[in-house]
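Inspection log for the structure reproduced underneath, given as structure tokens.
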Amino acid sequence: MNNKIKRIYGIDLGTTYSSISYVDEYGKAVIIPNAENERVTPSVVFFDENNIVVGEVAKESAKLYPNEVVSFIKRSMGEPNFIFEYGSEHYRPEEISSYILKKLAQDAGQYLSEEITDVVITCPAYFGINEREATRKAGEIAGFNVRQIINEPTAAAIAYGSLDTSSEKVVLVYDLGGGTFDVTMIDIRADSVEVICTGGDHNLGGKDWDDRIVAYLVEKFQEETGIKEDILDDPDTWQDLQLSAEKAKKILSQRPKTPVSVTHGGNRVKMILEREKFEELTEDLLERTVDFTSEMLGAARGKGYEGFDEIILVGGATRMPQVAKRIEKEFSIAPKVFDPDEAVAKGAAIYGWKLALNDDLVRRISEKTKKEIDRPENLSEMIKKSEISADDFKKAAQELADDTGYTLPSVENAMLRVKNVTSKSFGVVAHNPTDEEIVFNVVLRNTAVPVNAKKKFYTAVENQKTVLIRIMESETSDIEIPIENAEEIKTAILHLPPNLPADLPIEITFDLNGEGQLHITAVETSEFRQVQVVVDTASVIGGEELEKAKERSQTLVVH
Ligand code: AMP
């Protein structure tokens, strides 16, 4: 009954596992299993001659072919120097990630007998400009129409909010995934999901807990056998231990102890790992998550949010029982474990579904009123301002509900507003009064987006021909910071007309949209001459390389 609106799928592109979801004919988000009948797919890519293999088989192959298998690619998203070489070809993180997306879409398409074209993809809240753009490009290379990139905690909150839309609340989303940790405060209302503050560490996740087990096993092995060499130098042993450690960790979420064995160079050592020991080995990691949470709460207080109503745990690693225990001890609120592996993909699917309903509603209202609605997100504004009558809106919503079988409230509530903050500060390199080179931040982290901020800088010398604009990203909240605390994300050169005096004002505008895309304009204002700067995105795939990746993606089969 319900194939009349375009389906927009939600994809959780995770560090260790990925999944895909859609909203079914009853308005419920469901995970689509892969060809192996699993609900999550390991984010692992195996280059097997002319085949690309993604998922469990790739993960298992890592042991036999460590140099042909790529894992944890998400950690390298947006990194200009990461190139994986296979045969005579070079692959960037965007392209490798595109294979994971392709595998999810291919399997889901087969399961549902329909082609998947439009998607919402999630990324960690702390992802900066380049990482977000890289995520979008990964989707494009896979052949998708990427409707939006949304934050993982926001997606989780949407999935959570969708269960109970009657109450308004402030929730803390504590997300400990395979490779990343983020914590986000979100204000959930009936018609909006607003991120207040976000924090975390992109190098802290379940894998670090695995690494502690690995280190412990190596130590025990050395003790038992007297072997002093670093057995992790052997790639086979390393792979083997990684897999056993992750398995042991998962078992310890259920049981108080587990047997583990280490085999290397003909020696085999068996041992029992107890949960208590595991917790002791990893206590400092858990403490770091608590510290990040407290730091974020401090920033939220600065924005007038003194407390929160609930804590929800997402991310596979929150299944470790010590996480909920520690959180409850710290904040005196029992956290809710809510679909830790699936909430993000489901939330993205619900968001995509709302986008699709909203698109359809806009189309119907446009047809009825003969009014152009150029931006669907403006619909609620137009109704508020009576540019569109409540009656036309109601009629269109009723028709859409009748045609699709979805409930009228779900159609009427499709206009969900997602408000976000920037997780990074952005600025430019400038000279301070004592002539030191510093970064001057123009947009500070945790500022609500979209944001448009301007700042005047001045040329240094007479008849200056060019101005080098170095756009810097950082995780501090200070206005002036040393260069080494920031990362250069883009550069641009502004060419000036001849014979200008020194101290000429150059106004730089930072325009950061709701999805974290940054546009920069520099204007030389002395004689009302306007010079637009085209900023190149240095660290994300583009141009010929992007075209090549797309082409390669068309011809390669992903298994
Ligand atoms: P995610 O990125 O959210 O898929 O989280 C994946 C991480 O969760 C990996 O480090 C997994 O090893 C970990 N994980 C999954 N299930 C469990 C479990 N039952 N106990 C402990 N960790 C788990």
remark   = Amide H contacts under 5 Å for K336, restricted to residues at least 5 apart in sequence or on another chain and with H modeled in the peptide plane, are I311, I312, L313
note = Farthest towards the positive end of the dipole of segment 260-316, among A300, G265, G315 and with Cβ unit charges of +1 on Lys and Arg and -1 on Asp and Glu, lies the Cα of G265
query = Roughly how many percent of the accessible protein surface of segment 357-500 is carbon and sulfur, given a 1.4 Å probe and a whole-percent answer?
reply = 49
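Given the Cα atoms of segment 422-528, and with Rh set as the inverse mean 1/r over their pairs in the Kirkwood sense, what is Rg to Rh to two decimals?
0.97
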note = The whole-number value in µm²/s of the Stokes-Einstein translational diffusion coefficient for the chain, with Rh from the Kirkwood sum over alpha carbon pairs at 10 °C and 1.306 mPa s, is 62
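Please compare each pair in K346/K550; K74/K220; K63/K247 to a cut-off of 20 Å on the Cα-Cα distance and tell me which ones are over it. List each step's numbers first, then the result.
On the way: K346/K550 27 Å; K74/K220 32 Å; K63/K247 15 Å.
Pairs exceeding 20 Å: K346/K550; K74/K220.
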key: Using alpha carbons only: equivalent-ellipsoid semi-axes of segment 381-430, gyration tensor based, whole Å   = 37, 16, 7
ask   = Give me the log10 of I(q) over I(0) for segment 264-322 at q = 0.20, 0.26, 0.31 Å⁻¹, as the Debye formula computes it from C-alpha points; what are the numbers?
value = -0.94, -1.13, -1.26
query = Summing Lys, Arg as +1 and Asp, Glu as -1, what charge do residues with Cβ under 13 Å from the Cβ of Q110 carry, Q110 excluded?
reply = -2
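Mind checking the alpha-carbon convex hull of segment 148-298 and giving the volume per residue in Å³?
138
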ask   = At what distance in angstrom do the alpha carbon centres of segment 423-482 and segment 343-412 lie from each other?
value = 41
ask   = What nm value, rounded to one decimal, do you get for the distance between A215 and L468 when each label is placed 7 Å out toward the C-beta?
value = 4.0
message = Whole-Hz ³J(HN,Hα) for each residue in segment 222-236, computed from phi via Karplus 6.51 cos²θ - 1.76 cosθ + 1.60 with θ = phi - 60°, x for glycine and proline: what do you get?
response = 5, 4, 6, 9, x, 6, 9, 4, 7, 5, 6, 5, 7, x, 5
request  = Find the centroid of the Cα atoms in segment 281-303 and in segment 210-253, then give the distance between the two in whole Å.
outcome  = 29
query = So which GluC sites (Glu not before Pro) in segment 437-491 pass both tests, a DSSP loop state and at most 11 other Cβ atoms within 10 Å of the Cβ?
reply = E462
query = So how strong a dipole does the chain carry about its Cα centre when Lys and Arg Cβ are +1 and Asp and Glu Cβ are -1, to the nearest 20 debye?
reply = 1400
Kirkwood Rh and Cα Rg combined as Rg over Rh, evaluated for segment 354-420 = 0.93
remark   = Computed for segment 206-279: size of charge dipole around the Cα centre, +1 on C-beta of each Lys and Arg, -1 on C-beta of each Asp and Glu, debye to nearest 20, value 520
Separation between Cα centres of segment 90-155 and segment 31-73, rounded to whole Å = 16
message = Please list, in order along segment 448-463, the HN-Hα scalar couplings obtained from phi with the Karplus expression 6.51 cos²θ - 1.76 cosθ + 1.60 (θ = phi - 60°), rounded to whole Hz, x for Gly and Pro.
response = 5, 10, x, 9, 10, 10, 10, 8, 8, 10, 10, 5, 8, 10, 5, 6
ask   = What residues qualify as long-range amide H neighbours of V421, i.e. H under 5 Å apart, gap of 5 or more or another chain, H built at 1.01 Å from N?
value = V195, V449
task = Per residue, how big is the convex hull around the C-alpha atoms of segment 206-279? Give it to me in cubic angstrom, could you?
result = 77
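Within the accessible area of segment 110-191, what % is carbon and sulfur when the probe is 1.4 Å and the other protein chains stay in place?
40
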ask   = With Cβ to Cβ distances under 13 Å as the rule, what net charge do the other residues near E436 carry (K, R +1; D, E -1)?
value = -4
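With a/c under 1.5 counting as rounded, go ahead and sort segment 288-358 into rounded, prolate or oblate using the C-alpha gyration tensor (a ≥ b ≥ c being the square roots of the eigenvalues; past the cut-off, prolate if a/b is larger than b/c, else oblate). Could you put the intermediate results ahead of the total?
Working: a/c = 2.60, a/b = 1.39, b/c = 1.88.
Verdict is oblate for segment 288-358.
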message = If I compute solvent accessible area with a 1.4 Å probe over the protein chains, what percent of it on segment 206-279 is carbon and sulfur?
response = 45
remark   = For the chain, dividing by residue count, accessible area per residue (probe 1.4 Å) in Å² works out to 45
key: Per-pair calculated FRET efficiency, R0 = 56 Å: K394 and E56 via Cβ, rounded to 0.05   = 0.70
query = Expressed in nm to one decimal, what extension gain is obtained for the pair T369 and K250 from 0.36 nm per residue of sequence separation less their Cα-Cα distance?
reply = 37.1 nm
Under the Karplus curve 6.51 cos²θ - 1.76 cosθ + 1.60, θ = phi - 60°, whole-Hz ³J(HN,Hα) for segment 291-304, x wherever Gly or Pro sits = 4, 4, 5, 5, 4, 5, 5, x, 5, 5, 4, x, 9, x
task = At 0.36 nm per residue, minus the direct Cα-Cα distance, what do E115 and D24 gain on full extension? Give it in nm, one decimal, please.
result = 31.2 nm
Unit Cα scatterers, Debye sum, segment 164-223: log10 I(q)/I(0) for q = 0.12, 0.14, 0.28 Å⁻¹ = -0.47, -0.56, -1.01
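The values are calculated or read from the model by the stated rules, or taken from the named source; none is laboratory data. Since this is a predicted model, take the numbers as computed values, not measurements. Note that we place each Cβ from the backbone using ideal geometry, even for glycine, and neighbour counts take in every protein chain shown. For accessibility, only protein heavy atoms count, side chains too; no ligands or nucleic acids. Shrake-Rupley method; radii C 1.70, N 1.55, O 1.52, S 1.80 Å.
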